Ligand SMILES: *Cc1c(COP(=O)(O)O)cnc(C)c1O
């Protein structure tokens, strides 16, 4: 029988108006189409500082629509990170374009700007940059867009609330995409959001998310669209979650500060976060680098503590191994040494202490082994 995880890696925190709003949607008999969708969209756009927000059924759907509305298709190349969750890259394949995988940069883990520049030589149709583990990527998105006139899509799924120069990630590129999957900083069960300042792009995304149906009493569709709407029930939950986001971010940063203080410098671990002065990360998933992350993962699991290796580089997986990759060693190193520790908003001080004790015990044991 599987041991039930005592301390999960990430679990949702439903501490606000979730039940109240969902009850409202149910009482109005509006589980599917209803007013919470627009309310959530408006509140979200205002929070991130974007003109338009389009709620969809997942972060993956948001990325897929982003590529579609930017007219990316067969024959086009798109630069994307090799170090990320597969959902950053899969939508490029959905539209029939060719991803060119770009290595990470060691301090922020986002795509390496130098290697992106190398990929620009072949005039890609778009760039998908991911802000990973809560940290903004170091790529200067606006300058890049202006200089090379190539649209940038920001995959901000893991970094809602993180800022660069006091502006929220997801608002620098032509389009920003977010995920509300169960392990993201706010959740709708499953869901996503596309944001943009471009009215025409937002309208096109709205059209495509609802099967490309034209207004009118009949079901007339002027192209092949998608069923990517966010249901009213999910939006009700999303709105309640968004109201708590500032508090969630505060809690995440407190947890990260505790881990930092407890794990460095007296354990021989070297801190990984560079904390460049221009960024305020959201600390979505607190991660450390250790010589043997798999050993530590098992040691934690034996005590009911869930942890997770950092993303495996895309170019290591058979499905994507045929793709061109620029560099790749940094992504491989991140995977070889990185481990994420429990980072739920609701993680108690006692649980944090338990995690730290277990990490220290593992490191001590290793050190006492004969060389
Ligand atoms: C979670 C995530 C997504 C989108 O995931 P969905 O489950 O489709 O909402 C995309 N990119 C990254 C980097 C993610 O972590």
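Taking the numbered list (1) part of a helix (DSSP H, G or I); (2) surrounded by fewer than 23 Cβ atoms within 10 Å (Cβ to Cβ) in turn, residue 30 passes all entries but (1). Within the range 140-162, the residues that satisfy the criterion of being assigned to a strand (DSSP E or B), in contact with a helix residue (DSSP H, G or I) (Cβ under 6 Å, 6 or more places away or on another chain) and more than 9 Å from the ligand (Cβ to nearest atom) are 152, 153. Taking every residue in the range 74-87 that is under 13 Å from residue 126 (Cα atoms) and pairing it with any residue that is near the ligand (Cβ under 8 Å from one of its atoms) and assigned to a strand (DSSP E or B), at least 6 positions away or on another chain, the pairs with Cβ-Cβ distances below 9 Å are 80/130; 80/155; 81/130; 81/155. Within the range 224-270, the set of residues being surrounded by fewer than 21 Cβ atoms within 10 Å (Cβ to Cβ), touching a helix residue (DSSP H, G or I) at 6+ places or on another chain (Cβ under 7 Å) and in a loop (DSSP other than H, G, I, E, B) comprises 225, 226, 267, 268, 269. Total residues in the range 77-97 satisfying the condition of being more than 14 Å from the ligand (Cβ to nearest atom) and in contact with a helix residue (DSSP H, G or I) (Cβ under 6 Å, 6 or more places away or on another chain): the figure is 3. For the range 163-193, a residue qualifies if it is more than 8 Å from the ligand (Cβ to nearest atom) and surrounded by fewer than 24 Cβ atoms within 10 Å (Cβ to Cβ), and the qualifying residues are 163, 164, 165, 166, 167, 168, 171, 174, 182, 187, 189. Based on what the data block shows, is residue 21 farther than 17 Å from residue 131 by Cα and surrounded by fewer than 21 Cβ atoms within 10 Å (Cβ to Cβ)? No; evaluated as a whole, the condition is false for this residue. Just one residue in the set 289, 351 is closer than 30 Å to residue 167 by Cα and surrounded by fewer than 18 Cβ atoms within 10 Å (Cβ to Cβ); that residue is 289.
Checked against the criterion of being within 26 Å of the chain's Cα centre (by Cα) and closer than 20 Å to residue 264 by Cβ, the candidates 289, 354 yield just one match: 289.
Suppose we keep only residues that are surrounded by 17 or more Cβ atoms within 10 Å (Cβ to Cβ) and part of a loop (DSSP other than H, G, I, E, B) within the range 33-69. Which one would you say is farthest from the ligand (Cβ to nearest atom)? Checking each candidate, the answer is 34.
If you check 116, 129 for being in contact with a helix residue (DSSP H, G or I) (Cβ under 8 Å, 6 or more places away or on another chain) and within 14 Å of the ligand (Cβ to nearest atom), only one passes: 129.
So, residue 102, is that one touching a residue at least 40 places away in the same chain (Cβ under 8 Å) and within 15 Å of the ligand (Cβ to nearest atom) or not? Against the criterion (touching a residue at least 40 places away in the same chain (Cβ under 8 Å) and within 15 Å of the ligand (Cβ to nearest atom)), residue 102 qualifies. Of everything in the range 1-35, what is touching a strand residue (DSSP E or B) at 6+ places or on another chain (Cβ under 9 Å) and more than 30 Å from residue 305 (Cα to Cα)? Give them in sequence order. Of everything in the range 1-35, those that are touching a strand residue (DSSP E or B) at 6+ places or on another chain (Cβ under 9 Å) and more than 30 Å from residue 305 (Cα to Cα) turn out to be 32, 33. Could you check, for the range 295-308, whether at least one of its residues is touching a residue at least 12 places away in the same chain (Cβ under 8 Å), under 17 Å from residue 133 (Cα atoms) and assigned to a helix (DSSP H, G or I)? For the range 295-308, residues touching a residue at least 12 places away in the same chain (Cβ under 8 Å), under 17 Å from residue 133 (Cα atoms) and assigned to a helix (DSSP H, G or I): absent.
None of the figures in this text is laboratory data; all of them are computed from the coordinates on show. Just so we're clear, the structure is a prediction, and the values are computed from it rather than from any experiment. Neighbour counts run over all protein chains shown; Cβ positions are idealised from the backbone, glycine included.
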